[in-house]
Amino acid sequence: MSQQTTHGDDAPLLDRIRENPQPAIRWAAVAAVLLALQVGAVFAAMMELPPWDTIAGYVLGVPLLGALEPAFSAVAGVGDRLADVPTLLSRELIPNRGHRVGNGPVFETTIAGFDLVYWQWDGTFLGLPAAVAWFVRVALVYLYAFVWMGWLWKGYLVFRENYRYADWTPADDVIDRMRTHRWGQFGFVVITLFVVMALFAPALGPTTFDENIDKPYSHELEYLDKETGEVETTLVGNANLQSKSRGSGNENIGVGSYDEYDRWHPFGTLINGKDLFTFIALGSRVSLFIGLVAIGISSVIAFGLAMVSAYYKGPVDLATVLLSDSIQAMPRLLVLIAAAVLLGETWIADIYNGGFLLALLFGSWGWPGLWRAVRGPSFQVVEREWVDAARSYGQTPRRIMQKHMAPYVVGYLLIYASMSLGGIIIATSALSFLGLGITQPTPEWGRAISMGQEYIATQSWHISIIPGLLIVIVVTGFNALGDGIRDAIDPQSDSGGASGESAAAGGGA
Amino acid sequence: MSRWSYFAKRLILSIPVILFGTSLTFIAIRMGPIDPVAAVYGDSGTAADMARMRESLGLNDPLWQQYLEFIWDMFRFDLGQSWVLQPGSRTTDLILSRAPRTVWMGFWAVLIPLFIGIPLGFYAGLNPNTVGDYTASFGGIVWRAMPNFWLAVILMIGLSNSESLLFGFDWKGFILHTPQVIGTNEFQSAWNGMQAGQLEPVQWAKATKQILPASVVLGSASMGNEMRIGRTAMLETKHSNYVEMAKAKGVSGRSLVWKHMFRNALIPLVPVITAEANLLLGGSVLIESVLSINGIGLLFFRALTQADLPVAGALMYVFILLLVFINIMQDLLYTIIDPRVGYENE
């Protein structure tokens with residue numbers, strides 16, 4: 001009998017793993033190795049990403065909490081030391097900054113009209129040309145990320161084979177449908193590429209934010225002066241001034257080219273000579289941060305309200321309808337513009353150069369759309385007999401909503417959330433195109449588009465065109481993923497309806 | 001519930017909606033972090049000037065009185081005056097002088113998607129899983145994913161330099177000569193002419209050609225939406241029982257499509273078309289500031305960035321009214337087109 005109870009449906013996962021630990025340990029060991037390769041970067045991100053200084057400034061400003069300062073700095077010290085643990089995918093291990101070695105190219109040939117010139121390099125990974133070293137690092141980053149994805153998938157399979165009680169659950173069908181949905185998979189791959197770019201932004205760029213964008217006059221670089229054949233030293237800021245892309249004459253560092261200072265620019269340079277790829281990689285971080293935080297906020301509000309209004313109906317529902325109608329009656333983009341201007345001088349706008357403020361605004365203005373998308377399914381599920389049964393068993397409303405309604409509705413939330421993310425990315429870049437929202441020096445794709453708009457018809461077309469194309473690809477990816485999830489969850493459903501469709505458009509941005 | 005009592009209910013429910021937006025606007029411009037008077041004068045204003053403006057806006061009254069006055073003014077459509085953009089002129093005049101340009105752009109931005117998006121969507125729905133369907137669907141998705149401001153910049157540059165970029169195709173001289181690629185100056189003279197009682201077809205054609213690129217961009221998202229919804233609506237109608245029935249009775253293909261399917265497939269498109277209002281209002285700010293069209297959107301943007309807060313607040317109120325009105329119209333239209341839509345569910 002005791003055997004029976006440990007095998008009961010409610011035995012927690014940990015007990016089940018204890019019973020048969022082999023597969024789980026094998027899986028976890030590989031996962032640990034994967035994590036160990038990057039553990040330094042994980043801690044570095046934890047130390048860097050949240051605005052600790054700002055937060056500490058506010059927290060320690062409160063009189064009583066000020067006494068905690070030593071504890072804070074101790075924790076910060078440990079964090080900093082852990083952040084220094086060497087990682088596989090770092091600029092230090094695979095450096096791409098260096099300079100050519102003085103005594104001319106190693107060999108020079110012309111193949112099919114292309115001049116192939118190979119120099120010996122100093123300071124780069126294995127003495128390879130900067131472009132190759134950079135490419136190796138990027139390839140390794142993406143390889144690492146995809147190995148992780150594969151390993152997580154493997155983890156799910158291990159769980160399914162060894163630790164799940166049911167041989168079949170509805171989730172299996174959903175996953176099977178997703179596996180044959182090419183369009184959804186396309187979206188998934190695009191989004192993975194985008195998310196990896198955002199996560200690994202500091203390692204992906206050919207140069208760093210600090211050196212190239214934020215404080216170019218506090219950093220030096222070495223380069224080979226081709227006239228004299230000597231290795232010279234100059235300030236990054238001065239080098240940037242000589243590497244501008246401004247369309248006319250020879251003032252252009254285009255896609256995939258070196259500047260005069262032996263620096264490799266995969267996407268060319270901006271009009272102020274800064275590296276466009278670094279700018280874009282860091283900009284993707286901002287976009288993703290805003291999108292995720294905003295969607296998180298509005299999902300919580302929308303989901304909670306949908307549950308409550310579907311369960312209690314009547315006046316609660318009417319009040320929610322009125323509130324969401326009121327919010328939707330104010331055009332979202334205009335409200336955002338107004339709020340960005342009005343709150344631009346306040347302390348909220350200082351956090352993450354305005355990113356946090358934007359995320360809050362998108363979150364608090366985005367929930368009515370999400371709520372409308374899940375309201376229908378919530379009203380359907382509350383009519384089902386199992387909800388009635390749970391009610392007659394005397395379960396509390398809270399528990400009924402959690403256990404018997406939420407799992408049915410959450411998929412619909414995912415569809416709409418995926419489509420809205422694209423809209424938020426467009427709207428964020430639209431605001432920074434207008435000079436609002438994300439302020440300097442934090443990179444944002446819209447600002448690059450705004451910088452380069454005069455040069456579209458010239459040889460410096462890359463400044464505006466590349467960020468724009470990337471937005472199109474990422475937004476298409478989010479929409480495709482949303483389509484895929486929808487078809488996987490509910491193959492009979494029609495398309496997301498008017499609200500879902502216009503969410504993807506970013507409120508006219 | 002009859003249609004009219006439903007309509008009355010919608011009207012009553014719209015009052016708190018408008019009140020909410022107006023109150024929020026009041027809070028934002030009167031109690032927000034920016035003081036409207038200091039924002040207007042900055043450091044340069046004399047104390048007397050600032051006191052005059054403070055008095056005229058009623059900022060010396062207690063807050064609740066300011067609030068009631070603000071709401072009452074808005075309700076009477078007394079939108080106040082401008083302080084920075086055109087000091088002294090009434091906000092209503094500012095809006096009315098710019099509105100025709102925005103409306104002209106918006107008119108085409110609604111019309112173009114209707115006549116391109118819906119037919120394309122219906123075509124894709126009638127021929128599902130063909131090359132044509134895939135091309136149209138994929139094109140629609142990508143088209144919709146393009147940021148409006150980026151598309152506007154590209155179209156602007158592309159058309160201005162069309163000779164070098166588009167293999168010698170000269171957009172400026174195409175059919176009609178319009179030296180300014182995108183804008184409203186031709187529209188303005190056509191409009192002035194009409195007000196003087198003359199209808200000049202050539203001038204109107206020029207005005208249309210000048211606004212078309214802007215409207216295509218402004219309507220781009222709607223076009224993608226209409227296409228996708230149109231496609232699914234047509235697909236669903238195609239597989240519905242009454243169409244099968246008509247087919248079995250031997251109704252010819254042409255009459256089947258036009259008489260039985262077309263009108264029913266239009267129903268789900270109504271909310272998409274009216275949902276455009278939100279997109280158009282938001283989009284007009286961007287398009288107008290990118291293409292420097294001096295319309296309401298640009299007025300709103302300038303009022304905000306140049307701290308003419310009374311104008312910005314009044315404009316927000318007008319936008320809210322517009323959106324609420326369009327939403328009510330949509331619901332009414334819906335009940336007329338499709339009697340199956342119940343009033344009780346709302």
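The values are calculated or read from the model by the stated rules, or taken from the named source; none is laboratory data. Fair warning: this is a prediction, and the values are worked out from it, not measured in the lab. Ideal geometry is used to build each Cβ from the backbone, glycine not excepted, and the neighbour counts take in all protein chains shown. Note: areas computed on protein heavy atoms with side chains; ligands, DNA, RNA excluded. Shrake-Rupley method; radii C 1.70, N 1.55, O 1.52, S 1.80 Å.
Observations
- Within segment A:457-482, the only residue that satisfies the criterion of being at pLDDT below 85 and within 9 Å of another protein chain (Cβ to nearest Cβ) is A:A457.
- Any hit, segment A:343-350, residues being closer than 30 Å to B:R30 by Cα and more than 10 Å from chain B (Cβ to nearest Cβ): yes
- Every residue from segment B:252-298 that is within 25 Å of B:I336 (Cβ to Cβ), open to solvent by 50 Å² or more (accessible area, probe 1.4 Å) and without any contact (Cβ under 8 Å) to a residue 12 or more places away in the chain: B:W258, B:K259, B:R263
- Cβ-Cβ contacts under 8 Å between residues 6 or more apart (or on different chains), taken from a first residue in segment B:113-142 that is more than 19 Å from B:W258 (Cα to Cα) to a second residue that is open to solvent by 20 Å² or more (accessible area, probe 1.4 Å) and among the hydrophobic types (A, V, I, L, M, F, W, C), are listed as B:P113/B:M223; B:A136/B:L120; B:G140/B:L120; B:G140/B:M223.
- Just one of the listed residues (A:P368, A:P377, A:P331) is at the interface with chain B (Cβ under 8 Å from one of its Cβ atoms) and in contact (Cβ under 8 Å) with a residue 12 or more places away in the chain, namely A:P331.
- Qualifying residue in segment A:241-254 (condition: basic (K, R) and modelled with pLDDT under 85): yes
- Count of segment A:280-310 residues, restricted to those that are open to solvent by less than 10 Å² (accessible area, probe 1.4 Å) and under 17 Å from the mean Cα position of the chain (by Cα), is 9.
- Residue check, A:G184 over 28 Å from the mean Cα position of the chain (by Cα) and outside the structural domain of A:S420 (by TED's automatic domain parsing): no
- Considered as a group, the residues in segment A:151-186 that are part of a helix (DSSP H, G or I) and closer than 28 Å to A:V472 by Cβ include one that is least open to solvent (accessible area, probe 1.4 Å), and that residue is A:G184.
- Hey, B:I175 among the hydrophobic types (A, V, I, L, M, F, W, C), closer than 28 Å to A:T428 by Cα and away from chain A (no Cβ under 11 Å) or not: no
Yes or no, residue by residue, for (1) assigned to a helix (DSSP H, G or I); (2) of a type outside the set (A, V, I, L, M):
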site: B:K9; (1), (2): yes, yes
site: B:G21; (1), (2): yes, yes
site: B:M50; (1), (2): yes, no
site: B:E55; (1), (2): yes, yes
site: B:Q66; (1), (2): yes, yes
site: B:P87; (1), (2): no, yes
site: B:L94; (1), (2): yes, no
site: B:V103; (1), (2): yes, no
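- Of residues in segment B:83-120 being out of contact with any Asp or Glu (no Cβ under 6 Å at 6 or more places or on another chain) and small (G, A, S), the one least open to solvent (accessible area, probe 1.4 Å): B:A109
Listed here are the residues, each with its yes/no results for (1) over 30 Å from A:E227 (Cβ atoms); (2) among the acidic types (D, E); (3) at pLDDT 80 or above.
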{"residue": "A:G98", "(1), (2), (3)": "no, no, no"}
{"residue": "A:T110", "(1), (2), (3)": "no, no, no"}
{"residue": "A:A139", "(1), (2), (3)": "yes, no, yes"}
{"residue": "A:F146", "(1), (2), (3)": "yes, no, yes"}
{"residue": "A:G150", "(1), (2), (3)": "yes, no, yes"}
{"residue": "A:E161", "(1), (2), (3)": "yes, yes, yes"}
{"residue": "A:G205", "(1), (2), (3)": "no, no, yes"}
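- Segment B:295-305, residues that are under 15 Å from the mean Cα position of the chain (by Cα) and more than 10 Å from chain A (Cβ to nearest Cβ): B:G295, B:I296, B:L298, B:L299
- Pairing each residue of segment A:452-470 that is open to solvent by 40 Å² or more (accessible area, probe 1.4 Å) with any residue that is among the small types (G, A, S) and not in a helix (DSSP H, G or I), provided the two are 6+ apart or on different chains, yields C-beta distances under 7 Å for A:T458/A:G247; A:T458/A:S248; A:Q459/A:G247; A:Q459/A:G254.
- At least 3 residues being among the hydroxyl-bearing types (S, T, Y) is the threshold, and among the helices (runs of 4 or more DSSP H) wholly inside segment A:287-390 those reaching it are A:314-328.
- Filter pass, B:A221 being within 13 Å of chain A (Cβ to nearest Cβ), open to solvent by less than 20 Å² (accessible area, probe 1.4 Å) and in a helix (DSSP H, G or I): yes
Results for (1) within 21 Å of A:A201 (Cα to Cα); (2) among the basic types (K, R); (3) not in a loop (DSSP other than H, G, I, E, B), shown as yes or no for each residue.
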{"residue": "A:G79", "(1), (2), (3)": "yes, no, yes"}
{"residue": "A:L89", "(1), (2), (3)": "yes, no, no"}
{"residue": "A:N103", "(1), (2), (3)": "no, no, no"}
{"residue": "A:Y144", "(1), (2), (3)": "yes, no, yes"}
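This table checks each residue for (1) surrounded by 24 or more Cβ atoms within 10 Å (Cβ to Cβ); (2) closer than 26 Å to A:D483 by Cα; (3) more than 22 Å from the chain's Cα centre (by Cα).
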| site | (1), (2), (3) |
| --- | --- |
| A:S364 | no, yes, no |
| A:A373 | yes, yes, yes |
| A:G376 | no, yes, yes |
| A:I400 | no, no, yes |
| A:T442 | no, no, no |
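- Complete set of residues in segment B:23-37 that are within 14 Å of chain A (Cβ to nearest Cβ), open to solvent by less than 40 Å² (accessible area, probe 1.4 Å) and part of a helix (DSSP H, G or I): B:S23, B:T25, B:F26, B:A28, B:I29, B:P36
- Flag set for B:V257, criterion: out of contact with any Cys (no Cβ under 8 Å at 6 or more places or on another chain) and farther than 30 Å from A:L431 by Cβ.
- Boolean, B:Q210 is closer than 29 Å to B:Q86 by Cα, away from chain A (no Cβ under 14 Å) and of a type in the set (S, T, N, Q): yes
- Among the residues of segment A:208-232, just one is touching a Phe, Trp or Tyr at 6+ places or on another chain (Cβ under 8 Å) and exposed (fewer than 15 other Cβ atoms within 10 Å of the Cβ), namely A:E232.
- As a summary of the residue check, B:S284 satisfies the conditions (1) at pLDDT 85 or above; (2) over 24 Å from A:I424 (Cα atoms); (3) not basic (K, R) except for the one numbered (2).
- Any hit, segment B:148-155, residues being polar (S, T, N, Q), closer than 26 Å to B:N278 by Cα and in contact with a helix residue (DSSP H, G or I) (Cβ under 8 Å, 6 or more places away or on another chain): yes
- The single residue among A:D317, A:D388, A:D350 that is of a type in the set (D, E) and touching a residue at least 24 places away in the same chain (Cβ under 8 Å) turns out to be A:D350.
- Within segment B:198-218, if we keep just the residues that are out of contact with any Phe, Trp or Tyr (no Cβ under 9 Å at 6 or more places or on another chain) and among the aliphatic types (A, V, I, L, M), the residue that is surrounded by the most Cβ atoms within 10 Å (Cβ to Cβ) turns out to be B:A205.
- Test: residue in segment B:9-21 that is at pLDDT below 80, within 14 Å of another protein chain (Cβ to nearest Cβ) and in contact with an Asp or Glu (Cβ under 6 Å, 6 or more places away or on another chain): no
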